[in-house]
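Take a look at the structure below.
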Amino acid sequence: RLDDPGVDRNQLCRQILTGLYLPGLAGVDPDTLDLDARVLVDQLDPRNVTLEPEYYRELDVTRYARVKPLLWLWEMFDRSPAGENTALGVPFRRLLAERVFRRCGHNFKAFPYVRVSFGYNLEVGDDVVVHRHVLLDDRGGIRLGNGVSISDFTNVYSHTHDIVDGREVLTPETVVDDGVRITYHATILAGAHVRRDSMVGAMAVLTKDTEERWVYVGIPARPVKEKSAAALAARPPSSHDPLAGDGVTAPDEAGEG
């Protein structure tokens with residue numbers, strides 16, 4: 001139903017979330033509810049909710065209107081008991097990502113509480129894994145290559161502020177190449193290019209581009225060790241992935257349709 005142009009995504013979001021949170025009120029006329037219940041039910045409809053990105057000046061209103069119901073469904077699903085069920089949650093988020101992101105490759109895996117800014121400025125390659133409580137701030141655009149792994153509580157930014165006038169926002173694209181690992185609680189600042197097979201260590205703050213295969217740690221992050229090219233080439237093939245998708249890639253510009 002998400003791909004049916006005749007379906008109102010706002011209504012569909014409200015219907016699904018009502019079933020998740022308030023199944024006893026499914027199909028009930030909100031006008032018959034008392035004030036407390038009506039206010040609660042109304043928040044399940046994204047048209048009654050204002051999200052932070054709607055205050056950003058660079059927001060494309062038309063593109064965001066298409067993806068906002070899916071983003072609200074994603075966020076509220078994660079807060080429900082169903083969202084903690086990995087076997088259900090990973091494929092459900094994948095289904096939404098394929099229709100929100102500019103591009104979503106094969107076998108995308110997102111765990112609970114991943115947040116994005118616009119969604120439609122995200123390009124994601126194949127076999128990308130994003131763990132819990134990650135922020136992907138795609139205001140200026142983020143590209144994640146194949147096989148990227150992003151650990152819990154990581155922040156990846158594509159906007160920054162002028163140091164004198166904080167109202168002036170700059171939005172350089174952030175690029176994360178194939179095979180990159182960004183580990184626990186790391187931060188990638190806007191405009192950085194994290195090159196192929198490099199790694200950003202736990203708690204690191206990356207302020208500039210990396211070199212291929214190097215490991216970066218610290219605040220600000222600095223290179224400390226180079227991965228062996230021979231060892232990378234000799235890596236064994238991936239083992240069976242029980243959460244793998246069906247291999248279908250969403251069409252380009254998914255966030256616009």
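Here are some notes:
Let's see how each residue does on (1) small (Gly, Ala, Ser); (2) under 23 Å from Gly140 (Cβ atoms); (3) outside the structural domain of Asn121 (by TED's automatic domain parsing); (4) touching a residue at least 60 places away in the same chain (Cβ under 8 Å):
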residue	(1), (2), (3), (4)
Val169	no, yes, no, yes
Val180	no, yes, no, no
His185	no, yes, no, no
Ser198	yes, yes, no, no
Val205	no, yes, no, no
Val215	no, no, no, no
His240	no, no, yes, no
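- Residues satisfying the stated conditions in segment 76-110, i.e. in contact with a helix residue (DSSP H, G or I) (Cβ under 7 Å, 6 or more places away or on another chain), hydrophobic (A, V, I, L, M, F, W, C) and more than 18 Å from Asp3 (Cα to Cα): Met76, Phe77, Ala82, Leu88, Phe108, Ala110
- Qualifying residues in segment 213-232 (those that are over 24 Å from Asp162 (Cα atoms) and hydrophobic (A, V, I, L, M, F, W, C)) - the one surrounded by the fewest Cβ atoms within 10 Å (Cβ to Cβ): Ala230
Condition check ((1) surrounded by 13 or more Cβ atoms within 10 Å (Cβ to Cβ); (2) of a type outside the set (Lys, Arg); (3) under 24 Å from Tyr113 (Cβ atoms)) across all residues:
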residue	(1), (2), (3)
Val7	no, yes, no
Gln15	yes, yes, yes
Leu20	yes, yes, yes
Gly24	no, yes, no
Asp29	no, yes, no
Arg38	yes, no, no
Leu44	yes, yes, yes
Val67	yes, yes, yes
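- Out of Asp197, Asp177, Asp137, sole residue that is modelled with pLDDT of 95 or more and within 21 Å of Leu71 (Cβ to Cβ): Asp137
- Look at (1) modelled with pLDDT of 95 or more; (2) charged (D, E, K, R); (3) in the same structural domain as Tyr21 (by TED's automatic domain parsing) and you find that Asp36 fails only one, number (1).
- Scanning segment 46-62 for residues that are loosely packed, with under 14 Cβ neighbours inside 10 Å and in contact with a helix residue (DSSP H, G or I) (Cβ under 6 Å, 6 or more places away or on another chain) returns a single hit, Asn48.
- Thr210 vs. criteria surrounded by 19 or more Cβ atoms within 10 Å (Cβ to Cβ) and more than 21 Å from Asn121 (Cβ to Cβ): yes
- Enumeration of residues in segment 58-67 that are in contact (Cβ under 8 Å) with a residue 24 or more places away in the chain and either assigned to a helix (DSSP H, G or I) or among the basic types (Lys, Arg) (or both): Arg63, Tyr64, Arg66, Val67
- For the criterion of being at pLDDT 95 or above, of a type in the set (Lys, Arg) and either surrounded by fewer than 18 Cβ atoms within 10 Å (Cβ to Cβ) or part of a loop (DSSP other than H, G, I, E, B) (or both), Arg235 fails.
- Applying the criterion of being among the charged types (D, E, K, R) and within 20 Å of Pro46 (Cα to Cα) to the residues of segment 69-93, the residue that is surrounded by the fewest Cβ atoms within 10 Å (Cβ to Cβ) is Arg79.
The values are calculated or read from the model by the stated rules, or taken from the named source; none is laboratory data. Everything quoted here is computed from the prediction, not taken from an experiment. Cβ coordinates were reconstructed from backbone atoms using ideal geometry, including for glycine residues, and neighbour counts include every protein chain displayed.
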